[in-house]
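Peer 1: First the structure, which I've put down as structure tokens, then a few questions once you've had a look.
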Amino acid sequence: MQALFKNFTRIIMGALISTPLIFMGMVTAQAADSTVIKRFNDWTVYKAKTKDGTLCFAASTPKDIEPKNVRRGDIFFYVTTWPKFNVQEEVSVKLGYPLKASSTPSITIGAKNFTLYDKGERAYIHSSLEKNLLAAMKAGSKMVIKGTSKRGTNTTDIYSLSGVTAALKATVSACN
């Protein structure tokens, strides 16, 4: 049952925050009733009201992307909590392009590597590995995400993890 709600969450989150904007380094969710709770260095915490209750999420954008000359859509890393569906700290990545079929996006933090699976322009980690990834994020300083677009372009996005621990705590407490 929890897996069903996680998939539902992914669909709703895709619709809710599918058109984010970056303005002077600040991430602003375009959800109808979302508000910024607080910014923690390179991470921002949001709270959104939906017809299915309140959800909260921490979001960040990459500090660097490669290649720079490729046109991509919005690129974000999210960690979402949605109490109504018993979803806490669900990880998703918006890569800004449709992923190549059978490609394997990945996250590297220090010496730890995590394999993702794709759903269109988004990638997710299997729920059994989320806690390990979140622990690595809290202990690390940077996170590297690699993917391959439908056209075969390999991309690398580098995120700062500065502020992620505080942002994750604030996300959970804002929704509980």
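The values are calculated or read from the model by the stated rules, or taken from the named source; none is laboratory data. Everything quoted here is computed from the prediction, not taken from an experiment. With ideal geometry, Cβ positions are generated from the backbone for all residues, glycine too; neighbour counts draw on all protein chains shown.
Peer 1: Just checking, how many residues over segment 122-132 are outside any helix (DSSP H, G or I) and either surrounded by fewer than 17 Cβ atoms within 10 Å (Cβ to Cβ) or in contact with a Lys or Arg (Cβ under 6 Å, 6 or more places away or on another chain) (or both)?
Peer 2: 2
Peer 1: If you don't mind, there's one more thing I want to ask. When both residues are 6+ apart or on different chains and their Cβ atoms are under 7 Å apart, which pairs have a first residue that lies in segment 82-104 and is at positive phi, and a second that is surrounded by fewer than 20 Cβ atoms within 10 Å (Cβ to Cβ)?
Peer 2: Pairs found: Asn86/Gln2; Asn86/Phe5; Glu89/Glu130; Glu89/Leu134; Glu89/Val172; Gly96/Arg72; Gly96/Gly73; Gly96/Asp74.
Peer 1: If you don't mind, there's one more thing I want to ask. Which strands (runs of 3 or more DSSP E) does segment 61-114 wholly contain that include 2 or more residues that are of a type outside the set (Val, Ile, Thr) and out of contact with any helix residue (DSSP H, G or I) (no Cβ under 8 Å at 6 or more places or on another chain)?
Peer 2: Numbers: elements: 64-66, 76-82, 87-94, 106-109.
Of the strands (runs of 3 or more DSSP E) lying wholly inside segment 61-114, those with at least 2 residues that are of a type outside the set (Val, Ile, Thr) and out of contact with any helix residue (DSSP H, G or I) (no Cβ under 8 Å at 6 or more places or on another chain) span 64-66, 76-82.
Peer 1: Any residue at all in segment 22-30 that is part of a strand (DSSP E or B), among the polar types (S, T, N, Q) and at pLDDT 95 or above?
Peer 2: no
Peer 1: Shifting gears a bit: Look at segment 152-176 and say how many of its residues are free of Cβ contacts under 8 Å to residues at least 24 places away in the same chain and either part of a strand (DSSP E or B) or over 11 Å from Phe40 (Cβ atoms) (or both).
Peer 2: Total satisfying the criteria: 2.
Peer 1: Taking only pairs six or more apart or across chains, which ones have beta-carbon atoms under 6 Å, a first residue in segment 50-76 that is over 22 Å from Lys169 (Cβ atoms), and a second residue that is part of a loop (DSSP other than H, G, I, E, B) and aliphatic (A, V, I, L, M)?
Peer 2: Cβ pairs passing all conditions: Pro62/Ile75.
Peer 1: Follow-up. Which ones in segment 99-112 are modelled with pLDDT under 95 and surrounded by 14 or more Cβ atoms within 10 Å (Cβ to Cβ)? Write out each step before concluding.
Peer 2: Of segment 99-112, the ones modelled with pLDDT under 95 are 99-104.
Those that are modelled with pLDDT under 95 and surrounded by 14 or more Cβ atoms within 10 Å (Cβ to Cβ): Leu99, Lys100, Ser103, Thr104.
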